[in-house]
Amino acid sequence: MTKVTFRKWKGEIIALFPDIPWNPHDYTTASYMHIGQHSSADYQYVVAHSRPATEPQYRDLLAELRAIGYDDLRVVQRARPRFDL
């Protein structure tokens, strides 16, 4: 299962993947948005400066993620990022 956290960030919905390190040297994790798609994100910063997205708010982004191959997602509210993988 791949953990995903959906947050309302700067007027958009962002998917954060706490278990997928983007760059362990600067402690960023993988993220995904409709516009921009995959990118890095400072997980702790985004969580601290955003609000949890509701299911109706993240429904479209979740469908997009599933359409591109994320078929094992587990939606969580918060998680501790992993950089030891």
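Bear in mind these aren't lab numbers, they're just calculated from the coordinates by the rules spelled out. All values reported here derive from a predicted model rather than from experimental measurement. Every residue, glycine among them, receives a Cβ derived from its backbone with ideal geometry; neighbour counts consider all protein chains shown.
Please find the FRET efficiency linking GLN44 to LYS8, where r is the Cβ-Cβ separation and R0 is fixed at 22 Å, and quote it to the nearest 0.05. Intermediate results must be reported in sequence, preceding the final value.
Values: r = 17 Å, r/R0 = 0.75.
Rounded to the nearest 0.05, the efficiency is 0.85.
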Where in region 1-42 does the amide nitrogen come within less than 15 Å of the point 7 Å from the Cα of GLU55, taken along Cα to Cβ? 6
The size of the Cβ-based charge dipole (Lys, Arg +1; Asp, Glu -1) of the chain about the Cα centre, to the nearest 20 debye, is 300 debye
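Full extension from ALA67 to MET1: what is 0.36 nm times the residue separation minus their Cα-Cα distance, to one decimal in nm?
Numbers: separation 66, 0.36 × 66 = 23.76 nm, distance 1.63 nm.
Full extension of this stretch gives 22.1 nm more.
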